[in-house]
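The values are calculated or read from the model by the stated rules, or taken from the named source; none is laboratory data. Everything quoted here is computed from the prediction, not taken from an experiment. Please note: Cβ atoms are built from the backbone with ideal geometry, for glycine as well, and neighbour counts cover all protein chains shown. The accessibility values were calculated without ligands, DNA or RNA, using every heavy atom of the protein model including side chains. Shrake-Rupley method; radii C 1.70, N 1.55, O 1.52, S 1.80 Å.
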Amino acid sequence: MKSNPPWSVSGAQLRRLAWVLPALAALVMLGQIWRGHTAHAELESSTLERTRTQVAQLAATKGDEVQASLRYADGQLIQFRDEYGEGRSDIAGRIAAAAMAKFPPGAILHFVVADTRGRIVFSTMPGMIGIDVSDRAYFKALALRPDDQLFIDKPVRSYSGAVWSLPLARPVLENGKFVGVAMMALSPHYLSTELAQLEIRPEDAISMTFTDGTYVARNEGVDKVLGTRLPADRPFLRPGAPPRGAMRIVAFADQRARIYGWSRLDAFPLMIFVGYDEATVLGAERKSERQAVAQMAFAVPLVALLVGGLSWLLLSNVRQQDQLASDRRILAATLDSTDDGILVLGADRSVLAMNARFRQMWGVAGDAGAGPPPGASLIGQLSAQLVEPDGFEVERQGAPGAAEPGLADVAFRDGRIFECYTQPVAVGGQSARLWSFRDVTARHRAESELQRREAYLSKVLETSHDGIVVLDEGGLVESFNAGAQAIFGYRAADVVGRSVSMLLPAGQTPEGSGAPPAARGFEPGVEREFELRRKDGRELWVSLRISELVLPDKRRFIGFVHDI
């Protein structure tokens, strides 16, 4: 058989490839997923880092603005206190009115002055004279430590409970002695409005708290947070926390995750927070990641299906190759076990197949047919053994692709005779021709001997003066020799194929079994006299002896007739 080309792939290699392909595809897909996840993580990280820097800068900027506003408010408070301390309450009132006019409406709720007992003795808001504020934190703090310093108290409700205010207080001193407190009440809503001046998205937040986390103002929902404070575990509230920074944290007010930047005011115990909503900041990146995940969710099954299909095709091809190899082995074993010699030549006369019996019959060497031109050395070796080399059927029965089958005998110089059958076949998609050789030397010799014996027997039968009639099991005449023709007056053509009863007298039928009707009552091998009838109707007596001939598939009866 032909060897595989150098580029051919074995079944084992295809099987390994079929198992390796899914693993490689899985590794590639995992690599793509990891690369995509890493890229999105890096992009998200860089976006968060930019956002941290941005919110920290905004918090610091807003802190400077708030600090400037508080210093201005403190300046107005100092002027109001000083004028009142000098006994010029009317001028102090005008200063308070001017300050309230300079700020947005409702920003400053009122100015008050309380004496050493905490009783309000001056107020820009009617109805407050005589109210006791000695229980307020700002009064207690300044009364205990009458240094000329600004004290910002935590937001408190008015005594009516309807209004929140942020007290800014300074002591009223007379020759360094504490004689009362001057206080300006700022509105937390004003401060919240000021914070909201920063251009931020609705889902973002900006707020102001004391350094202990107590809320002072917030751009949205200030009424909900006033009177509350942030959890003490916030990193920026811990001792030693940096004055500025940024971090991701879930907001206390509305439970939204934000990237917050904070800035602690230098001159006041306050902190500014600017928070960008995390979902909004990372919206584009997360949308891109979701799209990538959706694409991968579509691509992974598709790739798995394609790779699985390819692997299935490869394994199917391997199974087909295995089956083909098995069929080839069975075919080779069958060809080698058959008694016929098989030769298959391609269109270029190359040897495609040659079984062991062919080699044995023709005495073909192991490398015959291997040299160029294809098959030339083999054909030459075969032709040299024949009586008529030029008449070798390999050459005469048509090209390998010819359509006509053929059957002929090939005579060898050593006396052998092979029966050669040839027909076109297709091998691997190409036209070819198959030759089958069978050694019929013994059969030819037997046929020749049989012909010789038949000729001799026929000569004997034809020269015998006795009649010899051969009958089948049904009593039909198969043979009628010249002696029988002379005795009965019939020609062989008149009798052969007809019943032997035509030779009997009318109404006479022998009895017996195990023989044709004409032989019934006769014992094979026993000679008897018998009356028969000629063609012209005359009766004659003959001596008749019947012999039974048993053949493999039939019986025959031979009658020897002698005219007496």
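Dividing the mean sequence gap of close Cα pairs (under 8 Å, 6+ apart) by how many residues the stretch 166-219 holds gives a relative contact order of 28 percent. Run down the lysines and flag those whose C-alpha is under 27 Å from the C-alpha of residue 535, throwing out any fewer than 8 positions away in its chain. Once the sequence-local lysines are set aside, what remains near residue 535 is 459. When only Cα pairs below 8 angstrom with a gap of at least 6 residues are kept, the chain shows a relative contact order of 9 percent.
Charges on Cβ only, +1 for Lys and Arg, -1 for Asp and Glu, centred on the Cα centroid of the chain; of 355, 429, 470, which one is farthest towards the dipole's positive end? The one lying farthest along the dipole's positive direction is 429.
Across the stretch 428-449, the residues whose backbone nitrogen lies under 12 Å from the label position 7 Å along the beta-carbon direction of residue 339 are 438-443. What the chain shows is 54 Å² of accessible area per residue, with the surface traced by a 1.4 Å probe over protein heavy atoms. When only Cα pairs below 8 angstrom with a gap of at least 6 residues are kept, the stretch 1-138 shows a relative contact order of 9 percent. When the P(r) is computed for the chain, the part past 36 Å accounts for 70% of the Cα-Cα pairs.
Here the 3J(HN,Hα) profile of the stretch 223-237, calculated from phi with Karplus coefficients 6.51, -1.76 and 1.60 at θ = phi - 60°, is 5, 6, 9, 4, x, 10, 9, 5, x, 5, 7, 4, x, 6, 9 Hz, Gly and Pro shown as x. Between residue 427 and 432, the built amide H atoms are under 5 Å apart, and every one of these is 5 or more places off in sequence or on another chain. Remark: accessible surface ordering of 204, 348 (largest first) is 348, 204, probe radius 1.4 Å.
For the stretch 408-491, a crude dipole built from +1 on the beta carbon of Lys and Arg and -1 on the beta carbon of Asp and Glu, taken about the Cα centre, is about 440 debye to the nearest 20.
When all alpha-carbon pairs of the stretch 1-125 are counted, what percent fall beyond 24 Å?
66
Once the chain from residue 69 to residue 464 is taken as fully extended at 0.36 nm per residue, the excess over their C-alpha distance is 126.3 nm.
Overall dimensions of the stretch 291-345, expressed as equivalent-ellipsoid semi-axes from the Cα gyration tensor (√(5λ), whole Å, largest first), are 48, 8, 4.
Amide H to amide H distances under 5 Å link residue 227 with 215, where only residues 5 or more positions off or on other chains count and H is placed in the peptide plane. Near residue 64: Cβ cut-off under 14 Å, other residues only, Lys/Arg at +1 and Asp/Glu at -1. The net charge is +1. Using bins of 10 Å that start at zero, the share of Cα-Cα pairs per bin across the stretch 124-276 amounts to 10, 36, 31, 17, 5, 0, in whole %. Estimated from helices alone, the mean residue ellipticity of the chain at 222 nm is -13000 deg cm²/dmol (sum of -39500 (n - 2.57) over DSSP H runs with n ≥ 4, per residue).
Where the accessible area of the stretch 207-326 is counted over protein heavy atoms with a 1.4 Å probe, how much of it, in %, is carbon and sulfur?
On the way: 3690 of 6130 Å².
Carbon and sulfur atoms account for 60 percent of the accessible area of the stretch 207-326.
What size of dipole, in debye to the nearest 20, comes out for the stretch 452-505 about its Cα centre when the only charges are +1 on Lys and Arg C-beta atoms and -1 on Asp and Glu C-beta atoms? Show your work: numbers first, answer last.
Working: 5 positive and 7 negative charges, 38 e Å.
Result for the stretch 452-505 is approximately 180 debye, rounded to the nearest 20.
How would the stretch 70-188 be classified by its alpha-carbon gyration tensor: rounded, prolate or oblate, with rounded meaning a/c under 1.5 and the a/b versus b/c comparison settling the rest? Rounded, since a/c falls under 1.5. Residues whose amide H comes within less than 5 Å of that of residue 206, counting only those at least five positions distant or on another chain, are 219, 220, 275 (H built at 1.01 Å from N in the peptide plane).
Overall, the chain carries a charge dipole of about 2160 debye about its Cα centre when +1 sits on the Cβ of Lys and Arg and -1 on the Cβ of Asp and Glu, all other atoms neutral.
Along the positive direction of the dipole of the chain (beta-carbon charges: Lys, Arg +1; Asp, Glu -1; about the Cα centre), which of 342, 32, 92 reaches farthest? Of 342, 32, 92, it is 92. Note on the stretch 1-158: with neighbouring protein chains present and a 1.4 Å probe, carbon and sulfur make up 59 percent of its accessible heavy-atom surface.
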